[in-house]
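**Student:** Provided herewith is a single structure, encoded as structure tokens, for subsequent inquiry.
The values are calculated or read from the model by the stated rules, or taken from the named source; none is laboratory data. Model, not experiment: these values are computed from the prediction. Here the Cβ is made from the backbone with ideal geometry for all residues, glycine too, and neighbour counts use every protein chain on show. For accessibility, only protein heavy atoms count, side chains too; no ligands or nucleic acids. Shrake-Rupley method; radii C 1.70, N 1.55, O 1.52, S 1.80 Å.
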Amino acid sequence: MGVGRLSSHQTQGAVSTLVEQYKDLPGAMLPLLHAIQAELGYVPDSAVPVIAKGLNLSRAEVHGVISFYHDFKTHPVGKHSVQICRAEACQSMGSRQLEAHAKALLGVDYHETTADGNITLEPVYCLGNCACSPSIRIDDDIHARVSPERFEQLISQLGVSK
Ligand code: FES
């Protein structure tokens with residue numbers, strides 16, 4: 001996780017420093033993106049032109065890599081990650097209702113973070129737990145057969161006020 005919210009000036013400075021460090025390495029793109037995410041918690045859109053210039057690539061190529069690897073986040077993330085499975089087995093067992101409930105409860109849409117910076121809500125496409133749908137992941141833990149009530153219990157354990 002990153003170092004908290006930085007100003008855009010600080011963010012650009014951190015990105016430029018890392019680009020300088022990595023740009024001459026063979027296959028620099030992935031290690032550089034991981035280093036940026038480790039430093040900032042995400043890879044901001046404003047980093048794309050800096051990376052493209054440093055690695056002598058097009059912006060589209062950089063965007064392509066960031067969007068191909070789902071590990072890369074493009075928005076600031078909260079202290080906790082809450083992912084709701086949107087794949088077929090979970091949808092057939094009510095994950096759409098669960099996601100509507102989650103969005104209303106947290107007051108955010110997917111890829112957004114609660115106002116207190118505590119939780120980022122994200123979709124995920126199969127957690128390998130289809131037999132126990134609907135499934136969610138909170139940080140590193142997968143939870144099975146999550147009803148809206150169970151979701152509220154789990155969220156309350158993360159220290160969020162409704
Ligand atoms: S479809 Fe949700 S865990 Fe597989």
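**Student:** Which one of Ile36, Ile51 is open to solvent by less than 70 Å² (accessible area, probe 1.4 Å), within 20 Å of Glu122 (Cβ to Cβ) and among the hydrophobic types (A, V, I, L, M, F, W, C)?
**Tutor:** Numbers: Ile51 fails: within 20 Å of Glu122 (Cβ to Cβ).
Just a single option satisfies the conditions, and that option is Ile36.
**Student:** Still on this structure: What are the residues in the stretch 71-102 that are open to solvent by less than 40 Å² (accessible area, probe 1.4 Å), more than 16 Å from the ligand (Cβ to nearest atom) and touching a Phe, Trp or Tyr at 6+ places or on another chain (Cβ under 7 Å), if any?
**Tutor:** Selection gives Val77 alone.
**Student:** Conditions first: (1) in contact with an Asp or Glu (Cβ under 7 Å, 6 or more places away or on another chain); (2) more than 30 Å from Leu106 (Cβ to Cβ); (3) part of a loop (DSSP other than H, G, I, E, B). Leu18 passes all but one, so which condition is the exception?
**Tutor:** Every condition holds for Leu18 apart from (3).
**Student:** Across the stretch 39-48, which residue is most open to solvent (accessible area, probe 1.4 Å) among those that are in a helix (DSSP H, G or I) and in contact (Cβ under 8 Å) with a residue 24 or more places away in the chain?
**Tutor:** Glu39
**Student:** Looking at the stretch 92-102, which of its residues are in contact (Cβ under 8 Å) with a residue 40 or more places away in the chain and over 18 Å from Gln153 (Cα atoms)?
**Tutor:** Of everything in the stretch 92-102, those that are in contact (Cβ under 8 Å) with a residue 40 or more places away in the chain and over 18 Å from Gln153 (Cα atoms) turn out to be Ser92, Met93.
**Student:** Could you figure out which of (1) outside any loop (DSSP other than H, G, I, E, B); (2) open to solvent by 50 Å² or more (accessible area, probe 1.4 Å); (3) closer than 24 Å to Ala14 by Cβ isn't true of Gly64?
**Tutor:** (2)
**Student:** Here's another thing I want to ask about it. Go through the stretch 103-130 and give me each residue that's without any contact (Cβ under 8 Å) to a residue 24 or more places away in the chain and open to solvent by 60 Å² or more (accessible area, probe 1.4 Å).
**Tutor:** Ala104, Gly107, Asp109, Ala115, Gly128
**Student:** While we're on this one: Take the residues of the stretch 139-162 that are within 14 Å of the ligand (Cβ to nearest atom) and in contact with a strand residue (DSSP E or B) (Cβ under 9 Å, 6 or more places away or on another chain): which is most open to solvent (accessible area, probe 1.4 Å)?
**Tutor:** In this case the residue turns out to be Ile142.
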